[in-house]
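The values are calculated or read from the model by the stated rules, or taken from the named source; none is laboratory data. What you are looking at is a predicted structure, and each value in this text was computed from that prediction instead of being measured. Positions of Cβ are backbone-derived with ideal geometry, glycine not excepted, and every protein chain shown enters the neighbour counts. Keep in mind that these areas ignore ligands, DNA and RNA; they rest on the heavy atoms of the full protein, side chains included. Shrake-Rupley method; radii C 1.70, N 1.55, O 1.52, S 1.80 Å.
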Amino acid sequence: MSLAARIGAQAVGIAAETGSARIFHQLDHLDQALAPASGEDGVAEFRASLDRIVLHPA
């Protein structure tokens, strides 16, 4: 799970830069899949970074 969270965190940065709806859609799926593991290393960080760009874009 932590590998998926690390890759997801990288994709969050790409999504923020490009505004790609396709990437956002896939990140939503990953977020849902990782929700049960929110206590694992990297997962909370991934979910927080996704929340920042979705809920509070710069």
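Some notes on this structure:
- What a 1.4 Å probe finds exposed on the chain is 57% carbon and sulfur by accessible area, rounded to a whole percent.
- Helix-only arithmetic for the chain: the sum of -39500 (n - 2.57) across DSSP H runs with n ≥ 4, divided by the residue total, places the mean residue ellipticity at 222 nm at -24500 deg cm²/dmol.
- As a ratio to 2.2 N^0.38 Å, the alpha-carbon radius of gyration computed for the chain takes the value 1.00.
- For GLU45, net neighbour charge (Lys/Arg +1, Asp/Glu -1) across residues whose Cβ lies under 12 Å away: 0
- GNM on the chain, alpha-carbon springs under 10 angstrom: the most fluctuating residue among ALA44, ALA15, ALA33 is ALA33.
- For the chain, the relative contact order works out to 49 percent when only alpha carbon pairs closer than 8 Å and six or more residues apart are counted.
- Accessible area (Å², per residue) of the chain, counting only protein heavy atoms and a probe of 1.4 Å: 67 Å²
- Between helix 21-34 and the chain: long-axis angle, C-alpha atoms, 0 to 90°, nearest 10: 10 degrees
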